[in-house]
Every structure is written in structure tokens, then in C-alpha cells.
Amino acid sequence: MTQFEIPEQQWAQVVEKKGGPVVFKQIPVQKPGPDEVLINVKYSGVCHTDLHAMKGDWPLATKMPLVGGHEGAGVVVAKGELVTEVEVGDHAGIKWLNGSCLACSFCMQADEPLCPHALLSGYTVDGSFQQYAIAKAAHVAKIPKGCDLETTAPVLCAGITVYKGLKESGVRPGQCVAIVGAGGGLGSMAIQYANAMGLHAIAIDGGEEKGKNCRELGAQAYVDFTTTKDLVGDVKAATPDGLGPHAVILLAVSEKPFHQAVDYVRSRGTIICIGLPAGAKFQAPVFDTVIRMITIKGSYVGNRQDTQEALDFFARGLIKVPIKTVGLSKLQEVYDLMEEGKIVGRYVVDTSK
């Protein structure tokens, strides 16, 4: 069996108090428990959730101090004595769902993200913004050896999450899906998963740069909310029959787009809520929802099977991840760009820098 030299100290980005900022410092390397693995994280994607965790935006208590991150791709360097499904030397990923009980009614029905005892990477347990991270072996993503770890990292949250949302929408090949927040990290992958699944993607976001990026990734239409005089009409006009998209995938980080979706989704269409704007509420007219038979659903993160399916699309070259890579030491600068709304695609941090 391959053996790795594991240091006692490592570099990490640590949130020491609610609101941040993150502090780049050395911390001890942990040892895996009986059912856990230790992953030498090579790259980690940066998600808007990480910013929410640092700021304490959500009504869910965070571990503090906290090492954020939940898109960590790396190599298994140690494992507990009960672990049989993962070997030292395997490529593996740390996801948002770090672990679950595997025994409750949700886990038994492949809804392990809903487990009341779920462990959340970079939120209730330390995540992937460190060089060595712990995860439950049953829940790590098994990354094919041929996949580049740098570009695989964002698939571990962004990819899995949007793929799950598209599955939950029930859209079929040949139908239309509107993707709100299409120019961001999740949106750029949602466009590609939609294309790979045979769907027609309508991208909704703001700005020329994001529009160019969305079209290059395969969006059949782009609606710029900063310039349009009739967003609802423009979205409907982008569908072949003018009746609106069969589904809407809401990845937005503000509240207004959630309210607008009911106005342009097709009758009998489905609205999938994925983005989590701080303090936001979803409002929809009861009359329209009933008479037009609109379905409104929340979609969280994928289960273990969804994870492997999302990675399979990537491994077959159907998903290209538009990333910008910076050193782990630059994480706070990425958060600053997020708050300013200046990120196109997905940022990835290299833990060696």
C-alpha cells in the first residue's frame, strides 16, 4: 500500500470570529477516525456558501473557529481501520455533505443530505480551505484518476448542486430551462449540464461579460436584467412557442428573481430554488400557482449517486469548468470580489500557495 509522509502542521484559512475576515495561519493536521479518511487537498473551489458561512448569514449555527470550503479535490493519504471502500492513494473529493448517520429514514431512502445528523463541510465541521482535511469515507466523492483535480474541484458542489436541480425539475430532452444567475460559478455549470442533458438553456444575468461567457458555454439565449425593459416578455420570447420555459433554476443571490420566476415560467412548469439569499422570502400568487399548475420546489445538494453521475458527465468531457486559480493565501480577496458581484465563472484556490 502507498504510504505518504504527513506533516504535523499545515496552512489553512481560518474564520476566527463571525463576520471574518479569514486568517491565513498554520494549524495542526488531524488524524482520521475509524470511519474517516484524511485527504491532502490540492485544490478547492470557492462557493458563495463559504462567504455566507463566514458572515453568519444563515439561521444555522456554524463551528467557530472554522475552516471553510466544501469543494476540495485531492489524494487520500490516510484512512481509519474500518474504511474498506477507499484506498490510500485514491483521488477523492470533499463535498458539502461531509457525513451522515446512514441509518435514519432519509439516509435509507437516498436523501442523506436531509439527515438530521448531517455533518457539513466548512460549516459544522472544518472543510477544504486547508492542506489536509477529514471526511467520512462513505461520503467522499470518488474522482476518476484521469480527471484533472484543479478543474474537478468545482464539480464537487457547483456541479452536483445544479445537476441535482435539473433532475428535480423533471425537464425532458428538447424542453427549455431558464437559468437565473447563469454567469456565476453554479450558472456556468448549469448551462453545460442542461446542454448535456439535451435541454435548451436560457441564461439570465447582468452585464455583457457574463452574456458573452454564457453564450460561449452553450446558452441559446441571454437575457440581461440590467438592460431589458421587459424581463418577463424577453424570457418568454426566448422559447420556441413564446409560452415560457418548462423549468426555472434559481441560482440568484438576491430575492427579486425568485418573485419574478412565477411570471415567466410556463403553465405546468417547475421552479427550482437553489440560491440562498440571506433573509429572503419566496412569494407567489396563489391564484396563478393553482390555475397554471405551477410547481415550486427547493433543491439542496445531491446524494452519493448524484455525485457520481455529475462526475461522470465531467469525466466524459461534457462539462468544461471556467475557473480562475489563485493561491489559498488570497482567499479573502476572492470573498471581496464575491461581495462586489465581480466574479465570472468559478474561483479555485491552490493549497500549495
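The values are calculated or read from the model by the stated rules, or taken from the named source; none is laboratory data. These figures come from a predicted structure and were not determined experimentally. Positions of Cβ are backbone-derived with ideal geometry, glycine not excepted, and every protein chain shown enters the neighbour counts. For the accessible areas, the whole protein counts, side chains as well, though only heavy atoms, and no ligand, DNA or RNA atoms are used. Shrake-Rupley method; radii C 1.70, N 1.55, O 1.52, S 1.80 Å.
Can you spot a residue in the stretch 6-24 that is polar (S, T, N, Q) and in contact with a Pro (Cβ under 8 Å, 6 or more places away or on another chain)?
First, the residues of the stretch 6-24 that are polar (S, T, N, Q): 9-10, 13.
Narrowing the set further to residues that are in contact with a Pro (Cβ under 8 Å, 6 or more places away or on another chain) leaves 9-10.
For the stretch 6-24, residues polar (S, T, N, Q) and in contact with a Pro (Cβ under 8 Å, 6 or more places away or on another chain): present.
Filter the stretch 146-163 down to the residues that are outside any loop (DSSP other than H, G, I, E, B) and open to solvent by 30 Å² or more (accessible area, probe 1.4 Å) and list them by number.
Filtering the stretch 146-163 down to residues outside any loop (DSSP other than H, G, I, E, B) leaves 149-156, 158-163.
If the condition is that a residue be outside any loop (DSSP other than H, G, I, E, B) and open to solvent by 30 Å² or more (accessible area, probe 1.4 Å), then 150, 151 are the ones that fit.
Of all residues in the stretch 99-113, those that are open to solvent by 10 Å² or more (accessible area, probe 1.4 Å) and within 21 Å of residue 44 (Cα to Cα) total 1. Figure legend. Inter-residue proximity from the stretch 56-72: first residues over 22 Å from residue 153 (Cβ atoms), second residues crowded, with 17+ Cβ neighbours inside 10 Å, beta-carbon distance below 6 Å, spacing 6+ or different chains. Indicated pairs: 58/52; 65/14. Checked against (1) loosely packed, with under 15 Cβ neighbours inside 10 Å; (2) closer than 17 Å to residue 185 by Cα, residue 293 passes all but condition (2). Suppose the filter is surrounded by fewer than 24 Cβ atoms within 10 Å (Cβ to Cβ), modelled with pLDDT under 95 and not assigned by the TED database to the domain that holds residue 94; does residue 184 pass it? Here the answer is no, as residue 184 does not meet what is asked. Residue 88 falls short on exactly one of the conditions (1) surrounded by fewer than 17 Cβ atoms within 10 Å (Cβ to Cβ); (2) in contact with a Ser or Thr (Cβ under 8 Å, 6 or more places away or on another chain); (3) under 22 Å from residue 161 (Cβ atoms), and that condition is (3).
Here residue 54 meets each of (1) over 13 Å from the mean Cα position of the chain (by Cα); (2) within 12 Å of residue 335 (Cβ to Cβ); (3) buried (at least 24 other Cβ atoms within 10 Å of the Cβ) with one exception, condition (3).
The residues in the stretch 296-330 that are open to solvent by less than 40 Å² (accessible area, probe 1.4 Å), among the small types (Gly, Ala, Ser) and more than 17 Å from the chain's Cα centre (by Cα) can be counted, and the count is 2. Does residue 237 meet the test of being modelled with pLDDT of 95 or more and outside the structural domain of residue 346 (by the TED database)? Yes; evaluated as a whole, the condition is true for this residue.
When residue 178 is tested against the conditions (1) open to solvent by 10 Å² or more (accessible area, probe 1.4 Å); (2) in contact (Cβ under 8 Å) with a residue 60 or more places away in the chain, the lone failure is (1). Tell me whether the stretch 165-172 contains one or more residues that are touching an Asp or Glu at 6+ places or on another chain (Cβ under 6 Å) and either surrounded by fewer than 24 Cβ atoms within 10 Å (Cβ to Cβ) or acidic (Asp, Glu) (or both). Scanning the stretch 165-172 turns up no residue that is touching an Asp or Glu at 6+ places or on another chain (Cβ under 6 Å) and either surrounded by fewer than 24 Cβ atoms within 10 Å (Cβ to Cβ) or acidic (Asp, Glu) (or both).
Need pairs with beta-carbon distance below 8 Å; first residue closer than 13 Å to residue 149 by Cα and within the stretch 311-325, second open to solvent by 60 Å² or more (accessible area, probe 1.4 Å); sequence gap 6+ or separate chains. Matching pairs, first to second residue: 311/142; 315/146.
For the stretch 115-128, the condition holds for no residue, the condition being that it is crowded, with 19+ Cβ neighbours inside 10 Å and in a helix (DSSP H, G or I).
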